[in-house]
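Quick notes on the structure that follows.
The values are calculated or read from the model by the stated rules, or taken from the named source; none is laboratory data. Keep in mind that this is a model prediction, so the values were computed, not measured. All Cβ positions, even for glycine, are placed from backbone atoms using ideal geometry, and neighbour counts span all protein chains on display. Heads up: the accessible areas ignore ligands, DNA and RNA and are worked out on the full protein's heavy atoms, side chains in. Shrake-Rupley method; radii C 1.70, N 1.55, O 1.52, S 1.80 Å.
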Amino acid sequence: MKKILIIMLLFLCINVKASIVVMDGDSGRILYGKNEDERKLIASTTKIMTAIVTLENSNIKTKLTVGEEVLKVNGSMIYSKPGEQYTIEDLLYGLMLRSGNDAAMTIAYNVFGYNRFIQEMNTKAMILGMTNTTYENPHGLNDDSYNYSTAKDLSKLMRYAIQNEQFLKITRTNKYNNWYNKNELLNEYKYLISGKTGYTKKSGQVYVSAATKNNKTLIISTIDENNKYELHKQLYEKYFDEYKKYKVLNQYTFSFKEKTNEKIHYYIRKDFDMLIKENEINDLKIKVDTQNEAVKIYIKDKLIHSQRLYKMEYKNKVNIIKQILSFFGL
């Protein structure tokens, strides 16, 4: 009863205008959503995409020279000056720990050139299925250009970003040189592995974070919610407690023959893990579509996941097994 009361009080305290998503980091399934598709200004959470585009398209040990571009921004800064030199790695720490708008500008102007960098940000958003996201700058300030996204899209981005080891290393660092991480939840919640805050008067408080507990990973995004740290912490505990992790598809055991031709075997090349409540087990459905070569996972009638189905002739499968046994001298 006490636990139910705490949860009720938690949700009563949430800003009615807030956008919220709690996402399973393994499957991408949304476990809880509120105004999740509403497009809003996202402030400095923009820098998650800035960091990913940079990490995937540059050598972080490269030295960059700060130019006049840093004079075009204000707000959160690492206070770099034209003519100074930083490695891209330094700038990424300044970008993610201190939310340096000047770091974002130096990166954008040097990695691709400003306009091309913004194009790459939007292209990456399209690739990740962030269909309600548009970037006009690399920092998130909304004085004369605007970055819009949704809680759902920000969660998709963070789910992708935490697969990058360098991104994880940077965002879970408390201190780099003389820069302390503004993400206060790192010190308050031991399961947190990443996060980025954002704020402007027009956007309100924006926060995206990720946490791992008992081999379960959750992503939480909130837009226009002032009580961001306490809300994220309470949501993590609630959803970590309610869900269990299941290996729904196992690449080593998932295999079957084609009914019309027993020489053809179907298989998958990767596992699929998913958080599921105990009372949802009977609602879980696995459907194979040999015509479109896909395996699809449903909870009731809602599609949660789809992945490619591969096929091979039985004799090839036997030959592969023989090769493996031969390699081990069996």
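For segment 95-145, the set of residues classified as among the aromatic types (Phe, Trp, Tyr) and touching a Phe, Trp or Tyr at 6+ places or on another chain (Cβ under 9 Å) consists of 109, 117, 135, listed by residue number. For beta carbons closer than 8 Å, sequence separation of 6+ or different chains, a first residue in segment 28-42 that is more than 24 Å from residue 275 (Cβ to Cβ) and a second that is open to solvent by 20 Å² or more (accessible area, probe 1.4 Å), the qualifying pairs are 39/132; 39/148; 40/148; 40/224; 41/146; 41/148; 41/202; 42/148. Residue 252 meets each of the listed conditions (1) loosely packed, with under 13 Cβ neighbours inside 10 Å; (2) of a type in the set (Phe, Trp, Tyr); (3) within 30 Å of residue 149 (Cα to Cα) apart from (3). Exactly one residue among 45, 87, 54 is in contact (Cβ under 8 Å) with a residue 60 or more places away in the chain and of a type in the set (Val, Ile, Thr), and that residue is 45.
Of all the criteria given as (1) open to solvent by less than 20 Å² (accessible area, probe 1.4 Å); (2) aromatic (Phe, Trp, Tyr); (3) within 24 Å of residue 298 (Cα to Cα), the one not satisfied by residue 207 is (3). Under the condition of being at pLDDT 95 or above, surrounded by fewer than 17 Cβ atoms within 10 Å (Cβ to Cβ) and more than 14 Å from residue 155 (Cβ to Cβ), the residues counted in segment 13-68 number 11. Could you look through segment 262-292, keep only residues that are free of Cβ contacts under 8 Å to residues at least 24 places away in the same chain and in contact with a strand residue (DSSP E or B) (Cβ under 7 Å, 6 or more places away or on another chain), and pick out the one that is farthest from residue 23 (Cα to Cα)? So, considering only residues that are free of Cβ contacts under 8 Å to residues at least 24 places away in the same chain and in contact with a strand residue (DSSP E or B) (Cβ under 7 Å, 6 or more places away or on another chain), the one farthest from residue 23 (Cα to Cα) is 289. Where strands (runs of 3 or more DSSP E) sit wholly within segment 276-315, those with at least 2 residues that are hydrophobic (A, V, I, L, M, F, W, C) occupy 284-289, 294-299, 302-308.
Condition check: among the basic types (Lys, Arg) and within 17 Å of the chain's Cα centre (by Cα). Does residue 159 satisfy that? It is true that residue 159 is among the basic types (Lys, Arg) and within 17 Å of the chain's Cα centre (by Cα). Going by the conditions given, is residue 154 outside any loop (DSSP other than H, G, I, E, B) and not polar (S, T, N, Q)? So residue 154 passes the test. Just so you know, in segment 77-87 the residues that are assigned to a loop (DSSP other than H, G, I, E, B) and open to solvent by 40 Å² or more (accessible area, probe 1.4 Å) include one that is nearest to residue 181 (Cα to Cα), and it is 79.
If you go through segment 121-134 one residue at a time, how many are part of a loop (DSSP other than H, G, I, E, B) and either modelled with pLDDT under 95 or open to solvent by 10 Å² or more (accessible area, probe 1.4 Å) (or both)? Adding up the residues that qualify gives 5.
Which ones in segment 149-184 are of a type in the set (Val, Ile, Thr) and open to solvent by 10 Å² or more (accessible area, probe 1.4 Å)? Once the filter is applied, which keeps residues that are of a type in the set (Val, Ile, Thr) and open to solvent by 10 Å² or more (accessible area, probe 1.4 Å), segment 149-184 yields 162, 173. From the list 280, 225, 313, 262, the one residue that fits, being at pLDDT below 95 and surrounded by 13 or more Cβ atoms within 10 Å (Cβ to Cβ), is 280. Just so you know, in segment 211-222 the residues that are open to solvent by less than 50 Å² (accessible area, probe 1.4 Å) and touching a Lys or Arg at 6+ places or on another chain (Cβ under 8 Å) include one that is farthest from residue 17 (Cα to Cα), and it is 216.
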